[in-house]
1. Could you list which residues have their amide H under 5 Å from that of Asn286, counting only those 5 or more apart in sequence or on another chain, with H placed in the peptide plane?
2. Label-point separation (nm) for Asp116 and Asp193, each offset 7 Å from Cα along Cα-to-Cβ?
3. How much FRET efficiency would the formula 1/(1 + (r/R0)^6) give for Leu28 and Leu59, where r is the Cβ-Cβ distance and R0 is 51 Å, rounded to 0.05?
4. Loop-only trypsin sites (Lys or Arg not before Pro) in the range 266-306, please: DSSP not H, G, I, E or B, and at most 13 other Cβ atoms within 10 Å.
5. So how do 49-57, 284-292 stack up, highest first, on mean other-Cβ count within 10 Å?
6. What is the sum of charges around Gln120, taking Lys and Arg as +1, Asp and Glu as -1, for the other residues whose C-beta is under 12 Å from the C-beta of Gln120?
7. Give me, ordered by chain and number, the residues 5 or more places off Gly355 or on other chains with an amide H under 5 Å from its own placed amide H.
8. Extension gain Lys166-Ala257, at 0.36 nm per residue separation less the Cα-Cα distance, in nm?
Amino acid sequence: MSSSRRPISSFNLSFLDIMFCGFGAVVLLVLIINSQTVTEREEKFEDLQAEVERLQLELAANELNRERLVAGRESVERRRTEVVALQKTVVEGIEAEKTVQTASGTAQKKVQKDADELKQELLILAQQNEKIKDEILHGQKEGRKVREFEGDGHRQYLTGLKLGGKRVLILLDSSASMLDRKVVDIIRRKVMDDSTKRYAPKWRRAVRAVEWIIANLPADSTVQVLSFNTGVEQLGRQKSGTWLPVTDVERIDLLLARLAEIIPMGGTSLEKVFSKAKSLTPQPDNIILLTDGLPTLGSQPATQRTVTGAERVKFFEQAVKKLPTRTPVNTVLFPMEGDPMAAVLFWKLAVESSGSFFTPTQDWP
């Protein structure tokens with residue numbers, strides 16, 4: 001019995017090939033779209049994570065300030081109690097003298113004279129008590145200032161910065177990024193005239209921050225101010241490496257006058273300024289760094305126009321190795337867009353060096 005075979009159609013095979021190719025293209029397109037979505041989600045998560053960590057640091061700084069205020073208030077109350085007890089002792093002494101009965105008129109005069117002297121001492125003690133209370137309250141508001149500095153509306157500001165130390169080194173970032181917060185605004189301000197650059201709002205905040213820090217340093221401190229971008233410049237008319245007493249009003253005024261003349265420009269090299277800090281003799285026992293982000297170059301001149309985020313992290317890690325050993329680094333980080341790792345790395349530096357980290361509000365100082 002013969003079996004009939006069904007003929008094979010070449011048209012059917014071609015149609016199946018087309019169908020499978022179309023299905024493969026759809027699958028490939030879905031994979032590409034999904035990969036881009038995952039990448040965007042990870043970048044957004046990193047930005048949000050950095051913002052959360054910054055807010056946590058601000059909360060910790062506010063809590064520390066609250067504890068300091070409570071401690072100051074308790075000190076005032078203890079002093080007040082001591083003065084009240086002293087007043088009570090003097091009054092009891094006066095009353096005891098008044099009860100002394102003597103037949104001699106001379107003795108009565110002596111008692112009256114002693115009572116008058118005790119009253120006078122009581123008056124002096126009361127005046128001293130009021131003066132001490134005023135000094136304590138003024139000290140809580142103003143800090144141990146050697147210069148006057150007031151914010152807008154006569155406000156005084158509390159921060160988590162550690163302002164102590166015999167030799168305080170202030171490092172001020174004077175690169176072009178200090179002109180503004182957004183990249184597009186930085187580019188726009190870079191082509192303006194020098195006077196406009198010098199009075200850019202973000203840069204003026206940085207300059208006033210240096211003035212505020214110097215005004216709030218202890219009276220027995222000495223200071224140096226280094227401005228840095230692609231290079232490093234020592235401000236003030238003193239020999240290189242010389243520490244300037246904060247009580248030397250004339251030379252501090254000259255330093256601040258030179259600071260007001262600086263025009264932000266160029267890139268940022270933390271490695272150079274940290275190396276300069278390490279070379280000082282004697283070395284600083286406290287460093288206050290004012291910047292707005294991670295460095296854009298290392299110790300060598302830049303070889304390309306743009307720098308990636310990974311390269312900026314590498315430049316930062318290289319710079320940290322140049323810091324003086326066992327010296328706390330307190331960072332004031334002015335906000336700038338497009339640099340999510342800056343807050344995390346400077347906070348880590350503060351923890352490892354026993355320093356502090358502070359991100360100011362728009363109206364500080």
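The values are calculated or read from the model by the stated rules, or taken from the named source; none is laboratory data. Quick caveat: nothing in here was measured; it's all calculated off a predicted structure. Here Cβ is always computed from backbone atoms with ideal geometry, including for glycine, and neighbour counts include all displayed protein chains. Surface accessibility is based on the protein's heavy atoms, side chains included, excluding ligands, DNA and RNA. Shrake-Rupley method; radii C 1.70, N 1.55, O 1.52, S 1.80 Å.
1. The answer is Arg167, Leu169.
2. Once both label points are built, they end up 7.5 nm from each other.
3. Values: r = 47 Å, r/R0 = 0.93.
For R0 = 51 Å, the calculated efficiency reads 0.60.
4. Values: sites: Lys272, Lys276, Lys278, Arg305; in loops: Arg305.
Within the range 266-306, the qualifying trypsin sites (Lys or Arg not before Pro) (loop, at most 13 other Cβ atoms within 10 Å) are Arg305.
5. Those peptides, ordered most packed to least, come out 284-292, 49-57.
6. On the way: positive: Lys113, Lys119; negative: Asp114, Asp116, Glu117, Glu121.
Within the 12 Å Cβ shell, the charges total -2.
7. For Gly355, the qualifying residues are Val329.
8. Numbers: separation 91, 0.36 × 91 = 32.76 nm, distance 2.33 nm.
Difference between extended and current length: 30.4 nm.
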